[in-house]
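What follows is one structure encoded as structure tokens, with my remarks underneath.
The values are calculated or read from the model by the stated rules, or taken from the named source; none is laboratory data. What you see is a predicted model; the values in this text were computed from it and never measured. Neighbour counts are summed over all protein chains in view; Cβ atoms, including those assigned to glycine, are modelled from backbone coordinates with ideal geometry.
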There are 2 protein chains.
Amino acid sequence: MTTSCIIRHFEHYAELAGDDHDLLTSLEKSPQDYPRNTVIWNQGQQSEHFFTVQSGWACSYRNMEDGSRQVLDLYVPGDIIGLREFAFRRRVSNLMVVTDARLCPFPKYHLSEVFQSSRLLCNLFFLIAARDQAVLVERLINLGRRTAREKVAHFLLEMGHRLDKACMDVYDCNHLPLTQVLLADALGLSTVHLNRTLQELKQERLVSLGPDGTTLLDRDGLVEVAGFDPEYLQEDVDGMLKSLGKNVSPMV
Amino acid sequence: MTTSCIIRHFEHYAELAGDDHDLLTSLEKSPQDYPRNTVIWNQGQQSEHFFTVQSGWACSYRNMEDGSRQVLDLYVPGDIIGLREFAFRRRVSNLMVVTDARLCPFPKYHLSEVFQSSRLLCNLFFLIAARDQAVLVERLINLGRRTAREKVAHFLLEMGHRLDKACMDVYDCNHLPLTQVLLADALGLSTVHLNRTLQELKQERLVSLGPDGTTLLDRDGLVEVAGFDPEYLQEDVDGMLKSLGKNVSPMV
DNA sequence: CGCTTCATTGAACCCACTCAAAGGCCGTGG
DNA sequence: CCACGGCCTTTGAGTGGGTTCAATGAAGCG
């Protein structure tokens, strides 16, 4: 039995005291395994749990009236799924796992308890929510103002960076086990055009395409193509922690 | 002197006890006035304050290398600006006011103090952050999977709904004082095509165009065009509050 | 009263989409 | 073990929604 995944996620940011450690652990129900392509929840269903990803990949998406699909976000090991549903009674998007995966559910409304009990955890949760927003913003820019080439390169790099952080042992941080259909739906492209764009990048030796997904071969080259700046993925945990120490002083 | 804008914003969600009231008020520095088109901060600058909007409109945006611009979000009275920068030392986007506006700055790191002092406020801030994410998600879908017509109609309706909530006295909730340049940059369209699309909607008596912005004439008609579902703007405050009452019981 | 920004219209172009079809891979069942 | 069907990938050809370029008018402002 390894460390629970949410603990690992938070320890990535800061050292946890014993109390905080126990508090987090108590939230986490036993992990559950899901085979590839399992739908975890659908839009409109009651929203009662968050999940953390212990292994495998998941994605949230929305089905459109015309039959198309928009993939909203991808989740890799260590990620927390569903924070944005905190504000809502019902799910605002669908969730499925795209590889065999192990997820850890924990009850949504216990988050309030955590907020009350631990100042550090409260701030860390807020920081994670803020980072999630920054990721969404960057994806927004991707969809609004970049060409297909740039979109693809940028997205691949973002996932690469996120894998770097999540990476423990088993994962190849340059390999994304995603179908082209999924990528296309994430980037707002047709599968046909996504494929052509990937072929192009493959010709330039920037990526390789296998039956099990896409692999980043030349990150620097991709950065060039995408105009990628990873700053939006680098949280300022230190600054936040420092302020936690400061703000016991009287307010100005 | 009216009630401070952040108080008003939070009281929209829940009744505030005296303590919470004072706590919020103490955070808020004196309001500052900015003339139309003033840039409040730029990407890369130190991130030290949030703002609340007391009057007027603001927008956050990112300038692209090729000279184009992506507008990320618009802010109307009552909104909180900059929560997503909580995680970062430096600004990840630019902010400007698009009309004459009065904003209330409050120091970013005092948020941690609020979290510690008030359970209710902590949860409300988290709820607002989650709602902000939902808004971004919907804008993501807008950019990824809708036609120009749908994009425009959907965006206008979203802002209309947000105005409905903010609306006090002076504002016409169907009027958006935004240039077409701004709208185009928000929707990932060229100004030329945005203009043509607006003309089209005007022909159909769904909107009217004036020198001072766009006005929604027929919301039902626009809903038809956009396939608009306002659910993502309706937070479940009651559910959250109820859980605040519950979670003093031992954890399951 | 000129300068700048915004709105509007026309014309040509192009990036990405749609439609269509074929090939590869894999799981399943006969 | 092979045959079948489904899903994904790949490629070709034609189309179209939205872009770019360009120019004009209108409005606000110093």
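Of the residues making up the range B:52-68, one or more are within 16 Å of DNA strand C (Cβ to nearest atom), under 23 Å from A:Leu127 (Cα atoms) and surrounded by 14 or more Cβ atoms within 10 Å (Cβ to Cβ).
Within the range A:61-92, the set of residues being at the interface with another protein chain (Cβ under 7 Å from one of its Cβ atoms) and among the hydroxyl-bearing types (Ser, Thr, Tyr) comprises just one member, A:Ser68. A single member of A:Arg90, A:Arg84 is closer than 18 Å to B:Val135 by Cα and either of a type in the set (Gly, Ala, Ser) or surrounded by fewer than 21 Cβ atoms within 10 Å (Cβ to Cβ) (or both), and it is A:Arg90.
Of the residues making up the range A:208-249, those that are among the β-branched types (Val, Ile, Thr), within 14 Å of chain B (Cβ to nearest Cβ) and either within 22 Å of the chain's Cα centre (by Cα) or assigned to a strand (DSSP E or B) (or both) number 2. If the condition is being modelled with pLDDT under 95 and touching a Ser or Thr at 6+ places or on another chain (Cβ under 9 Å), then the range B:64-80 contributes B:Pro77, B:Gly78, B:Asp79, B:Ile80. Just the residues that are of a type in the set (Val, Ile, Thr), at the interface with chain A (Cβ under 8 Å from one of its Cβ atoms) and more than 13 Å from the chain's Cα centre (by Cα), please, taken from the range B:109-150. B:Val137, B:Ile141 - these are the residues of the range B:109-150 that are of a type in the set (Val, Ile, Thr), at the interface with chain A (Cβ under 8 Å from one of its Cβ atoms) and more than 13 Å from the chain's Cα centre (by Cα).
Inside the range A:182-205, can you point out the residues that are within 16 Å of DNA strand C (Cβ to nearest atom) and outside any helix (DSSP H, G or I)? Once the filter is applied, which keeps residues that are within 16 Å of DNA strand C (Cβ to nearest atom) and outside any helix (DSSP H, G or I), the range A:182-205 yields A:Gly188, A:Leu189, A:Ser190, A:Glu204. Give the range B:69-108 a look and list any residue that's of a type in the set (Ser, Thr, Tyr) and without any contact (Cβ under 8 Å) to a residue 60 or more places away in the chain, or say none. Within the range B:69-108, B:Tyr75, B:Ser93 meet the criteria. Flag set for B:Leu178, criterion: within 16 Å of DNA strand D (Cβ to nearest atom), in contact (Cβ under 8 Å) with a residue 40 or more places away in the chain and in a loop (DSSP other than H, G, I, E, B). Scanning the range A:106-123 turns up no residue that is assigned to a strand (DSSP E or B) and at pLDDT 95 or above. Only one entry of B:Asp164, B:Asp212, B:Asp236 meets the criterion of being farther than 24 Å from A:Asp66 by Cα and near DNA strand C (Cβ under 10 Å from one of its atoms), and that entry is B:Asp212. If you go through the range A:189-234 and keep only what is touching a strand residue (DSSP E or B) at 6+ places or on another chain (Cβ under 7 Å) and more than 9 Å from DNA strand D (Cβ to nearest atom), you end up with A:Leu201, A:Val207, A:Ser208, A:Thr215, A:Leu216, A:Leu217, A:Leu222. Residue count for the range B:176-207 satisfying the condition of being over 23 Å from the mean Cα position of the chain (by Cα) and crowded, with 16+ Cβ neighbours inside 10 Å: 4. With the structure loaded, tell me whether B:Lys151 is surrounded by 18 or more Cβ atoms within 10 Å (Cβ to Cβ), basic (Lys, Arg) and modelled with pLDDT of 95 or more or whether it fails that test. So B:Lys151 fits the description; yes.
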